[in-house]
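Presented below is the structure to which this report refers.
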Amino acid sequence: MLKIEWDENLCCHAGICVTSLPEVFRVEAGRLQIDPEAAEDQEILAVVARCPSGALQAREISE
Ligand code: SF4
C-alpha cells in the first residue's frame, strides 16, 4: 500500500494531481486530500512523478 505525503509549502497549485486522478486527489477547504486506495498504485505513482514542484512524495507502507 502507498502512503502519499503532500508538502503544501512546495505545492505550486498546478493542479496536475487533481485533474489527472480526481478520485485520489481532491481539494477540501484549501487542502489537498489524498485517498491512496482509490486507484492502482502505478496510476498514483505516475501522477506523483508528474508533480512539477516535488510536493508529492510516495512511499510503500506495510498494511
Ligand atoms: S501536482 Fe503537485 S504542484 Fe500540482 S497541485 Fe498537485 S501537489 Fe501541487
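Only residues that are among the acidic types (Asp, Glu) and within 12 Å of the ligand (Cβ to nearest atom): list them for the range 1-60, please. Result: Glu5, Asp7, Glu8. With a requirement of 2 or more residues that are in contact (Cβ under 8 Å) with a residue 12 or more places away in the chain and surrounded by 13 or more Cβ atoms within 10 Å (Cβ to Cβ), the strands (runs of 3 or more DSSP E) lying completely within the chain that satisfy it span 2-6, 31-34, 56-60.
Each value in this text was obtained by applying a stated rule to the coordinates, not by laboratory testing. Since the structure is predicted, the reported quantities are computational estimates derived from the model, not experimental observations. Note that we place each Cβ from the backbone using ideal geometry, even for glycine, and neighbour counts take in every protein chain shown.
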